[in-house]
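K.L.:
Take a look at this one; I'll ask things after.
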Amino acid sequence: MKKFISLMLSVLLILCAAMPLASAATPAEEAKLQFNEDGTFKILNISDIQDGAKLLGITAKFMKAAIEKEQPDLIILTGDNISGYRTLSAAKTEKGIRAYMDILEGYGIPVAIVFGNHDEYESGLTKEEQMAIYNSYECDISYDDGEDIWGCGTYNVPIYASDDDTKVVFNCWLFDTGDRDDNGDYDHVKESQLNWYKAKSDELKAANGGKVVPSIAFQHIIVPEIYDALKETDMSTKGAVFKYGKAYVLPDNAKEGSKLGESPCPSGTNGGEFDAFKAQGDVLAVVSGHDHCNSFIIPYEGIDIINTPTCGFRSYGSNDSRGIRVITLNEANPNTYETSIVSVPEVLGNDTGAMISYKFYGFFGEVYNFFYGLWTKISSILGID
């Protein structure tokens with residue numbers, strides 16, 4: 001009898017070892033985000049808060065007013081959530097993060113974040129340590145999807161059907177685009193991240209009966225293809241921006257309301273991210289922050305290149321473009337989306353104190369824009385990109 005039991009246990013152990021273990025649900029999967037009964041799902045994209053240990057009152061007011069107006073189902077922060085060089089210590093960095101996360105926690109809306117080039121810079125905390133602070137909030141669903149993936153904070157957020165919390169109807173990709181590369185240029189999404197993306201995209205496709213799951217990618221630094229999407233023009237063209245010894249304006253197919261207030265700053269290295277999106281066929285749009293004065297939607301080779309402007313007032317910015325982006329998805333037609341910008345006057349126009357601050361910071365923003373634009377034109381002519 002003992003020999004029989006021993007034999008059965010051995011067989012059971014072999015069978016268990018051969019069976020694949022069910023992977024643990026990620027924080028984003030556990031959140032079970034679903035389309036609403038009316039078939040909509042709303043994302044509020046807040047970018048480049050870029051403040052220090054103390055959040056400016058005007059920025060806090062703006063964030064609160066936008067959230068209360070739009071009532072989003074998910075909030076995504078696309079990097080430069082703090083400005084590391086303004087914190088300069090671990091304690092102040094944590095205080096800076098908690099300044100806005102305390103606000104978001106009060107609304108009980110799920111929050112997903114990616115890092116930008118300023119988050120870790122001289123902050124006293126690594127991105128992994130900062131991620132742990134975000135994870136301490138109940139509303140936070142951010143995470144990193146594996147040690148073999150470069151950086152910190154590359155993951156996906158699935159959005160399920162309104163009547164079935166097992167069927168993924170839409171997906172959000174979140175990528176860490178890093179800080180600076182070895183050449184001192186802005187960084188980019190790496191090969192290990194793209195390998196993860198392709199595998200996960202295929203996995204979602206297989207679970208969806210062989211059909212790709214429509215998606216939007218969110219990250220901080222814009223893709224290099226932006227300069228293929230923009231329209232080259234003459235150096236004397238009013239409103240043009242300058243890069244690589246050339247002048248650019250918005251193309252004719254840019255969506256209504258698009259604004260180009262500064263030269264986009266992608267990495268000088270093309271890591272193949274945009275090509276990977278095209279090959280997989282699931283990404284409708286790639287949304288970036290980073291360039292504070294830009295607010296545009298430009299269709300290019302089947303994918304919309306979108307820039308969300310800064311919502312913060314501590315760093316440079318233009319009142320003409322400063323805002324928070326709203327993206328509304330449609331369950332009945334997940335291959336489409338609607339997007340718009342919430343402006344400060346729209347939600348705080350009746351707040352006299354807020355509008356005084358808005359105009360005050362806007363003045364300095366315009367001064368910065370003038371000299372920055374002059375420098376980019378001169379440096380582009382001289383080939384100092």
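The values are calculated or read from the model by the stated rules, or taken from the named source; none is laboratory data. Predicted, not measured: the structure shown is a model, and the values here were computed from it. So basically every Cβ, Gly included, is an ideal-geometry build from the backbone, and we count neighbours across all protein chains shown.
K.L.:
Sort out which residues of region 295-329 are farther than 22 Å from Asp187 by Cβ and not in a strand (DSSP E or B), and write them in order of number.
P.N.:
Glu301, Gly302, Cys311, Phe313, Arg314, Gly317, Ser318, Asn319, Asp320, Ser321, Arg322, Gly323
K.L.:
From the set of residues in region 49-90 that are among the polar types (S, T, N, Q) and assigned to a loop (DSSP other than H, G, I, E, B), which is nearest to Asn36 (Cα to Cα)? Walk me through how you get there before you give the answer.
P.N.:
Step one: filter region 49-90 for residues among the polar types (S, T, N, Q), giving 50, 59, 71, 78, 81, 83, 87, 89.
From the residues that got through so far, the ones that are assigned to a loop (DSSP other than H, G, I, E, B) too are 50, 71, 81, 83, 87, 89.
Values: Gln50: 32, Gln71: 12, Asn81: 28, Ser83: 35, Thr87: 39, Ser89: 42 Å.
Ranking the qualifying residues of region 49-90, first place goes to Gln71.
K.L.:
Kindly check whether there is at least one residue in region 339-346 that is modelled with pLDDT under 95 and on the phi < 0 side of the Ramachandran plot.
P.N.:
Within region 339-346, the first condition is being modelled with pLDDT under 95, and the residues that meet it are none.
There is no residue in region 339-346 that is modelled with pLDDT under 95 and on the phi < 0 side of the Ramachandran plot.
K.L.:
Taking region 186-238, which residues are in contact (Cβ under 8 Å) with a residue 60 or more places away in the chain, within 20 Å of Ser258 (Cβ to Cβ) and in a helix (DSSP H, G or I)?
P.N.:
Residues satisfying the conditions are Ile226, Asp228, Ala229.
K.L.:
Within region 296-338, how many residues turn out to be touching a strand residue (DSSP E or B) at 6+ places or on another chain (Cβ under 6 Å), crowded, with 24+ Cβ neighbours inside 10 Å and among the polar types (S, T, N, Q)?
P.N.:
3
K.L.:
Kindly provide the set of residues from region 73-99 that are more than 16 Å from the chain's Cα centre (by Cα) and aliphatic (A, V, I, L, M), ordered by number.
P.N.:
Leu88, Ala90, Ala91, Ile97, Ala99, listed by residue number.
K.L.:
Now for a different question. Would you pick out the residues in region 239-294 that are among the polar types (S, T, N, Q), touching a residue at least 60 places away in the same chain (Cβ under 8 Å) and farther than 20 Å from Tyr186 by Cα? Outline the logic, then answer.
P.N.:
Filtering region 239-294 for residues among the polar types (S, T, N, Q) gives 253, 258, 263, 267, 269-270, 280, 288, 294.
Filter once more, so that each one left must be touching a residue at least 60 places away in the same chain (Cβ under 8 Å): 263, 267, 269-270, 280, 288.
Residue satisfying the conditions is Gln280 alone.
K.L.:
Anything in region 52-109 that is basic (Lys, Arg) and out of contact with any helix residue (DSSP H, G or I) (no Cβ under 9 Å at 6 or more places or on another chain)? List them, or say none.
P.N.:
If the condition is that a residue be basic (Lys, Arg) and out of contact with any helix residue (DSSP H, G or I) (no Cβ under 9 Å at 6 or more places or on another chain), then Lys95 is the only one that fits.
K.L.:
Any residue in region 39-48 that is small (Gly, Ala, Ser) and under 23 Å from Phe175 (Cβ atoms)? Break it down into steps so the answer makes sense when it comes.
P.N.:
Step one: filter region 39-48 for residues small (Gly, Ala, Ser), giving 39, 47.
From what's left, under 23 Å from Phe175 (Cβ atoms): 47.
Checking region 39-48: at least one residue is small (Gly, Ala, Ser) and under 23 Å from Phe175 (Cβ atoms).
K.L.:
Name the pairs: first residue in region 65-85 and among the basic types (Lys, Arg), second residue crowded, with 19+ Cβ neighbours inside 10 Å, Cβ to Cβ under 6 Å, at least 6 apart or on different chains?
P.N.:
Lys69/Val347
K.L.:
Conditions: (1) more than 21 Å from Cys172 (Cβ to Cβ); (2) out of contact with any Asp or Glu (no Cβ under 8 Å at 6 or more places or on another chain). Val241 meets all but one. Number of the miss?
P.N.:
So the condition that Val241 fails would be (2).
K.L.:
Criterion first (at positive phi and either assigned to a loop (DSSP other than H, G, I, E, B) or surrounded by fewer than 23 Cβ atoms within 10 Å (Cβ to Cβ) (or both)) does Gly257 satisfy it?
P.N.:
Working: at positive phi: yes; either assigned to a loop (DSSP other than H, G, I, E, B) or surrounded by fewer than 23 Cβ atoms within 10 Å (Cβ to Cβ) (or both): yes.
Yes.
K.L.:
Could you tell me whether region 274-284 includes any residue that is among the aliphatic types (A, V, I, L, M), in a helix (DSSP H, G or I) and more than 30 Å from Glu346 (Cβ to Cβ)?
P.N.:
Taking region 274-284 as the starting set, the residues that turn out to be among the aliphatic types (A, V, I, L, M) are 276, 279, 283-284.
From the residues that got through so far, the ones that are in a helix (DSSP H, G or I) too are 276, 279.
From what's left, more than 30 Å from Glu346 (Cβ to Cβ): 276, 279.
Within region 274-284, one or more residues are among the aliphatic types (A, V, I, L, M), in a helix (DSSP H, G or I) and more than 30 Å from Glu346 (Cβ to Cβ).
K.L.:
Same structure again: Go through region 105-144 and report how many residues are more than 20 Å from Asp179 (Cβ to Cβ), among the charged types (D, E, K, R) and assigned to a loop (DSSP other than H, G, I, E, B).
P.N.:
Number satisfying all stated conditions: 1.
K.L.:
Out of all the residues in region 112-142, which are under 25 Å from Ile216 (Cβ atoms), over 14 Å from the mean Cα position of the chain (by Cα), among the hydroxyl-bearing types (Ser, Thr, Tyr) and surrounded by 17 or more Cβ atoms within 10 Å (Cβ to Cβ)?
P.N.:
Tyr134
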